[in-house]
1. Ranking request for peptides 88-100, 137-149, 156-168: highest mean number of other beta-carbon atoms within 10 Å first, then the rest in descending order.
2. Tell me, in nm to one decimal, what length is gained between LYS117 and HIS105 on full extension, where the rule is 0.36 nm per residue of separation less the Cα-Cα distance?
3. Given the pairs LYS2/LYS151; LYS2/LYS146; LYS16/LYS58; LYS2/LYS58; LYS58/LYS90; LYS2/LYS90, which are separated by over 28 angstrom at their Cα positions?
4. Determine the gain in length on full extension of the stretch SER138-LYS98; use 0.36 nm per residue of separation and subtract their C-alpha separation, reporting nm with one decimal.
5. What length, rounded to one decimal in nm, is gained on full extension from ILE162 through to ASP73, with 0.36 nm per residue of separation minus their alpha-carbon distance?
6. Would you please give the FRET efficiency between VAL148 and ILE169, computed as 1/(1 + (r/R0)^6) with r the Cβ-Cβ distance and R0 = 41 Å, to the nearest 0.05?
7. Would you order ARG170, ARG47 from fewest to most other beta-carbon atoms within 10 Å of each residue's own beta-carbon?
Amino acid sequence: MKYLFMLQRVTEELNKLIPLENDDEKVQQLLNSVKKRNRNIFEVLARGIANFYSEYFKNQSGWLGAAVAGNEDGIRVCQLGFRYLLMMMKIDEDQVFKITIDFFHVYIGNYLEQNLKGESNFGSLSYRKEPTLDQIYSDIFREVMKTVCLKMAKPEEVLIVIDEDGVPIREEMENTENTSLYEI
């Protein structure tokens, strides 16, 4: 429980600085204004938040299920931690995106692997009468998938043509029907 208490205290203090009650657009505006003033401070803050929550949840997944089982405060604090990771993932900063995408890849991958094995207690509630990880974090997982899709590199549409000298030339095309499929 002391780890959950530490997570709760850090999250409460961070919530005073960057409230999660705001919609994503307001938070992004806040973070972008900080970025304009001093890029280094912004990068350190964003990386620090992403590193803290990702490492915390990676290293504490073993006791996490027991800590939140039947504990509404524990579930709420963990959801807030995941929301901060998701918020950092949406920031236009490559290092921070890599940290958060690595975390979600490992975390969701481990959950799915254990779920396929029939072990349902990974980083979640282990009791069948309680909500499952899918139920608790489904909105967050959906947002992660959406954010990853939005940040995916869009493929280039390339047309190879032969010029009058018989030399193949690569022509890149923008905003074609195929590339418009990647816009949400």
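1. Most protected by this proxy first, the peptides run 88-100, 137-149, 156-168.
2. Numbers: separation 12, 0.36 × 12 = 4.32 nm, distance 1.81 nm.
The span from LYS117 to HIS105 would gain 2.5 nm if fully extended.
3. LYS2/LYS151; LYS2/LYS146; LYS2/LYS90
4. Between SER138 and LYS98, full extension yields an extra 12.2 nm.
5. Stretched fully, the ILE162-ASP73 segment lengthens by 25.5 nm.
6. Efficiency, rounded to the nearest 0.05: 0.75.
7. Least to most surrounded, the residues fall as ARG170, ARG47.
Here, each number is a calculation from the coordinates, and none is a lab measurement. All values derive from a computational prediction rather than experimental measurement. Heads up, the Cβs are rebuilt from the backbone with ideal geometry, glycines too, and the neighbour counts pull from every protein chain shown.
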